[in-house]
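Heads up, the thing below is written out as structure tokens.
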Amino acid sequence: MIAELTTITSSNSFPEMCTRMGAFLGMNEPVPENAMRRAIKDDEYANNLITCRNSVDFLQVLLNDPLNESFSESIEENTHSNGDLALKAVKAMFKWGKAGFSVVDDETLERRENACLSCEHLVKPNKSLQKLVVSQAVDKIGKRAADCTCKLCGCSISKKIKIPTESCPGAHLTQPGYNRWGEKMPR
Ligand code: SF4
């Protein structure tokens, strides 16, 4: 399974990623692009796809969900930067899947979010794919920076901070070896 995931995340383009995702799920055809876009944006949908891996009937229901059409807005996946962002998102998704789709506890979520909210690398998205994966910020822990991304890694903040396997790419200003979330930097 790990080898298959590596194959998907090493895809060079969005259509190629859809083809490899289809193969990973046990299909003989690519995942429809709208479904792939939704999987990148909607964690629960991505979770359901992986749960239904090799169950063709269930997969067809998910992949043909009329709601997927709302993810059909034209994005420039073929530009290098957007391709990189898509790959990063899928890579994070599968890393998270391998960790059982667990989420951090409330205290960690708030600490990470507070760090992001006071970080100069917190930005409003400017790439089309980034705009697709952010949502409206609301005054609720975990959603306060939902309309922002990290300038260093390009990730959606509200998704990144809740995933245990994710890490902040910014070095802590005063604590060597730690990131801005106050967690040890991966080696
Ligand atoms: S993930 Fe780290 S570097 Fe990025 S905005 Fe948050 S605190 Fe800053």
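The values are calculated or read from the model by the stated rules, or taken from the named source; none is laboratory data. Computed from a predicted model, the values in this text were never measured in an experiment. Areas reflect the complete protein model, heavy atoms only, side chains present, ligands, DNA and RNA absent. Shrake-Rupley method; radii C 1.70, N 1.55, O 1.52, S 1.80 Å.
Summarise the accessible area of the range 102-187 (1.4 Å probe, protein heavy atoms) by the percent that is carbon and sulfur.
Values: 2450 of 4810 Å².
Accessible surface attributable to carbon and sulfur in the range 102-187 totals 51 percent.
At 0.36 nm per residue, minus the direct Cα-Cα distance, what do ILE141 and TYR178 gain on full extension? Give it in nm, one decimal, please. Present the calculation step by step, with values, prior to reporting the outcome.
Values: separation 37, 0.36 × 37 = 13.32 nm, distance 2.29 nm.
Full extension of this stretch gives 11.0 nm more.
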